[in-house]
Amino acid sequence: MKLYNGQAARALTFPPEVYKSLRVPEGKMKKTIILMGFAIALLTLAGISFGQTAAEHIQAGDGYYAGFDDQKALEEYLAAVQLEVSNYEALWKTARAYVDTADLVDSAGKDAKETRKKMYATAVTYARKAIAVNPNDTWGHFCLSAAMGKKVLLQGKKDQIDASKVIKVEIDKAIELDASNDLAYHALGRWHRRMAEIGGAKRALGSLFYGSIPKGSFAESEKLFLKAIELHPGYVNHHYELGLTYEALEKFDLAAAEFQKAIDLPVSSSKDKGIKKDAGIELVKALKKKKS
């Protein structure tokens, strides 16, 4: 039956007394209309929010990530995971967002260390879930290495040494799966520098208490950062970290040049402003050592 069919319209016609009995006072009618309009608006908004797919939440998270709003990005990725618990992309991006958000926690704040430690631990959990869903993609392994690396820096020496072996395995796997992953080369460059910083006496003493300590190389660190820069020359942190490696190698002229590049490059991540500030401090140190 069509809505505007004449017969149907006549069938819905009531006697005049019925209309009179259904009449609502004008004041109440206005109030009712306003309330109904408000309710419809709320339901419409709720429908838009609750109707988003996991893919749409990921897309929204990517937008916030590109705009350096890590907290909002994290919220969107978590919403995607709630809708699809085995969505690989949502899982590894949630892990990444937890790391990025934890990195920006004010270290001077109350309970900052514990807050960051918990967030890094949560990132580890999501990265492991991502790998369980898809063990053959680079980003799950890279995010696991990043989350573990940040977490163990807040723990004791034995934990750091034990974790360093697992971290390297995950970084190596990330590179094996995608040789164009510049962040994985960056991570391996940092790993080599940190291991190389443990000198002979420290290494011998540490081995007595904590077991064998993996060996690193400043030269290998340099090589890996140069590879990362070759793949992504505009990434501020690649140049900053290479500068630190050049300082360790006492190549202060090269260190100063890298710190200057880090300062000059445009901001491309939420952490770049802090990195640029640190690069300025290191630049002054490198120039002083260069002259001496």
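The values are calculated or read from the model by the stated rules, or taken from the named source; none is laboratory data. Keep in mind it's a predicted model, so treat the numbers as computed, not measured. Backbone-built Cβ (ideal geometry, glycine too); neighbour counts: all protein chains shown.
For segment 229-275, the candidate set comprises residues that are closer than 22 Å to Ala97 by Cβ and of a type in the set (Lys, Arg); within that set, the residue that is surrounded by the fewest Cβ atoms within 10 Å (Cβ to Cβ) is Lys273. Condition (residue is touching a Lys or Arg at 6+ places or on another chain (Cβ under 9 Å), over 28 Å from Ala163 (Cα atoms) and among the acidic types (Asp, Glu)) applied to segment 229-252: is it met by at least one residue? Yes - at least one qualifying residue is present in segment 229-252.
Results for (1) modelled with pLDDT of 95 or more; (2) in contact with a Pro (Cβ under 8 Å, 6 or more places away or on another chain); (3) of a type outside the set (Phe, Trp, Tyr); (4) closer than 26 Å to Ser270 by Cβ, shown as yes or no for each residue.
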site	(1), (2), (3), (4)
Trp191	yes, no, no, yes
Gly206	no, no, yes, no
Lys215	no, no, yes, no
Ile229	yes, no, yes, yes
Val236	yes, no, yes, yes
His239	yes, no, yes, yes
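Restricting the first member to segment 139-164 and to residues that are over 25 Å from Glu176 (Cα atoms), and the second to residues that are modelled with pLDDT under 85 and in a helix (DSSP H, G or I), the beta-carbon pairs closer than 8 Å and six or more apart or on different chains are Leu153/Gln160; Lys157/Gly206; Lys157/Phe209; Lys157/Tyr210; Lys158/Phe209; Lys158/Tyr210.
Taking the criterion of being under 9 Å from the mean Cα position of the chain (by Cα) and more than 23 Å from Trp139 (Cβ to Cβ), no residue of segment 93-113 qualifies. Picking from residues in segment 84-141 that are among the small types (Gly, Ala, Ser), in a loop (DSSP other than H, G, I, E, B) and modelled with pLDDT under 95, the one that is nearest to Phe68 (Cα to Cα) is Ser107. The residue that is farthest from Ala132 (Cα to Cα), counting only those in segment 78-87 that are among the small types (Gly, Ala, Ser) and buried (at least 18 other Cβ atoms within 10 Å of the Cβ), is Ala79.
Being touching a helix residue (DSSP H, G or I) at 6+ places or on another chain (Cβ under 8 Å), touching a residue at least 12 places away in the same chain (Cβ under 8 Å) and of a type outside the set (Gly, Ala, Ser) is the filter; apply it to segment 63-74 and report the residue that is surrounded by the fewest Cβ atoms within 10 Å (Cβ to Cβ). Here the answer is Gln71.
Listed here are the residues, each with its yes/no results for (1) crowded, with 18+ Cβ neighbours inside 10 Å; (2) among the β-branched types (Val, Ile, Thr); (3) touching a residue at least 24 places away in the same chain (Cβ under 8 Å).
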residue: Glu76; (1), (2), (3): yes, no, no
residue: Asp106; (1), (2), (3): no, no, no
residue: Ala121; (1), (2), (3): no, no, yes
residue: Lys129; (1), (2), (3): yes, no, yes
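Return the pair list, or none, for Cβ contacts closer than 6 Å from residues in segment 189-208 that are more than 24 Å from Gly243 (Cβ to Cβ) to residues that are surrounded by 13 or more Cβ atoms within 10 Å (Cβ to Cβ) and at pLDDT 65 or above, at least 6 apart or on different chains. Within 6 Å, the pairs are Arg203/Ile213; Gly206/Ile213; Ser207/Ile213. Of the listed requirements (1) within 12 Å of the chain's Cα centre (by Cα); (2) free of Cβ contacts under 8 Å to residues at least 40 places away in the same chain; (3) surrounded by fewer than 21 Cβ atoms within 10 Å (Cβ to Cβ), Ala90 misses just one: (3).
Against the numbered list (1) assigned to a helix (DSSP H, G or I); (2) in contact with a Phe, Trp or Tyr (Cβ under 6 Å, 6 or more places away or on another chain), Ser270 comes up short only at (1).
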